[in-house]
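Let me begin by presenting the structure, written as structure tokens, before commenting on it.
The values are calculated or read from the model by the stated rules, or taken from the named source; none is laboratory data. This structure is a prediction, so every number in the text was calculated from the model and none was measured. Cβ placement follows ideal geometry from the backbone for every residue including glycine, while neighbour counts extend to all protein chains displayed.
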Amino acid sequence: MFYQVSTKYVCGIDLHAKNMRACIMDREGRIVKQKTIDCRPSDLIEFLKPFNTDITVGVESTYNWYWLIDTLKNNNIPCSLGHALYIKHKMSSKHKNDPVDARGIADLLRTNQFPIAYAYPTEMRTVRDLLRRRHFFVRRRAGTFTHFQNSLHQDACIEPLRNKLQYKSTRNSLVALTKNADLQKILCADLEYIAALDKLIDDIDKLLDKKARFHNYKHYEALQSMPGCGKATALTVLYETHTVKRFKSPQCFSSYARVVRAENESAGKNLGGSSNDKIGNPYLKWAISEIGSSMIKNSPVICAWHQKQSDIHGKAKAHARLRHKIAVAIYYMLKHDTVFDMDKFMGTHNNQADIPAQNWTETSGQQQTEPSHVIEHPPDLLKSRMKIKIPQVKRTVQTGRLSLRTTGKRKVLTQSASTRG
């Protein structure tokens, strides 16, 4: 999707940490004004002041775009956040510097070829960033657990450690498994780091739970009705999605969640994997993958379905199919404000008179009156088919020894009487 400009002037901004390069053009492509200014809201407004609100500003979605978009919206200046990767593909030029980048963004704006990225709303943006920081702390804690076990393994400790590491009351006793004083210091440092992260993660979880109940309590509870979806994964889906109204279809949502692969084909040949597979939200893919793994462990119905798919397509494709089903289910749950329905998810209904939905995309949350896939035959045709007898063909068996010639054909070799004698 591209931004449609309706103003007389456009401004392309190449944003950096301390300064930015701005280039103002008219709709014919003539440069009106360009300058390098500091990253201060007052300096930006002063630079755009002569053009009032008859100007549209575009900027790439770099890590520090928050303040710039908020400043422009607070001053009622039309603005758009651009997708950095798609802008890079559009602006493939020989030279690259700040003036060239700012002029290229302005050119994309005035020609209505500026690819749009989603500008996350201000009121929920910091909560989403806090949730992402929580994921970072959890990964650090998991890495410290691994380092603790590996350190004991280096000292020839073969006792099982996982169960004792899970509980705070039994962790400290593991330090006595080694007599090396330096190694004991390393283990104590790891345990102190884990304890600090435990407290930090618990405090963040309590705050995130309160924020989620304030921002969108209904969807937060609905997501937890899905088997395998706990608070952490529900929070991730809730804040990384924000609203499913930004997606036209469940296919678009699945693509954003990275649960479908991008096609990479040319001249009828499949070229394998593509870097475009990583376009999307990695946090959302992690949450859906965690939900799928937990579903397989805790739901016998889904476990049986996954085993059947694994036998047919392999384990990797079975996981991929499950992730896609989960993404489609989440889309319709948030779209229709409903809880999880196992019958719709698995394509079965308790009432046999209703048509079984193969997936969430067929019924869109509504039941059909008549099955579209059942073909009724007249009674006379069925009776006539029952009377038909299939003729049996007698199979002849050739005697003799079979051999393969160089052409790959088989030839029957018969033995003569003289040879037998």
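Here are a few things to note about the model shown:
- When the residues of the range 91-106 are filtered to those that are out of contact with any strand residue (DSSP E or B) (no Cβ under 7 Å at 6 or more places or on another chain) and of a type in the set (K, R), the one that is farthest from K35 (Cα to Cα) is K94.
- Any hit, the range 130-138, residues being of a type in the set (A, V, I, L, M) and surrounded by fewer than 13 Cβ atoms within 10 Å (Cβ to Cβ): no
- V175 passes every criterion in (1) under 30 Å from P121 (Cβ atoms); (2) at pLDDT below 95 apart from (1).
- Among (1) within 30 Å of N276 (Cα to Cα); (2) more than 32 Å from the chain's Cα centre (by Cα) - the single one Q4 does not satisfy: (2)
- Total residues in the range 135-172, condition touching a helix residue (DSSP H, G or I) at 6+ places or on another chain (Cβ under 7 Å) and among the hydroxyl-bearing types (S, T, Y): 3
- Some residue of the range 106-115 being assigned by TED's automatic domain parsing to the domain that holds D54 and touching a Pro at 6+ places or on another chain (Cβ under 9 Å): yes
- Subset of the range 78-116 (residues that are among the hydrophobic types (A, V, I, L, M, F, W, C) and either surrounded by fewer than 18 Cβ atoms within 10 Å (Cβ to Cβ) or over 29 Å from N216 (Cα atoms) (or both)): A84, L85, I87, M91, V100, A102, I105, A106, L108, L109, F114, I116
- Enumeration of residues in the range 20-70 that are in contact (Cβ under 8 Å) with a residue 40 or more places away in the chain, more than 22 Å from I116 (Cα to Cα) and surrounded by 14 or more Cβ atoms within 10 Å (Cβ to Cβ): Q34, F51
Residues checked against (1) under 26 Å from D129 (Cβ atoms); (2) out of contact with any Ser or Thr (no Cβ under 8 Å at 6 or more places or on another chain); (3) at pLDDT below 95:
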position	(1), (2), (3)
T236	yes, yes, no
R258	yes, yes, yes
G268	no, yes, yes
S274	no, yes, yes
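- Filtered by the rule that a residue be within 17 Å of the chain's Cα centre (by Cα) and charged (D, E, K, R), the range 294-326 gives K317, R321, R323, K325.
- Residue among R133, R128, R110, R139 that alone is in contact with a Phe, Trp or Tyr (Cβ under 8 Å, 6 or more places away or on another chain), on the phi < 0 side of the Ramachandran plot and of a type in the set (D, E, K, R): R128
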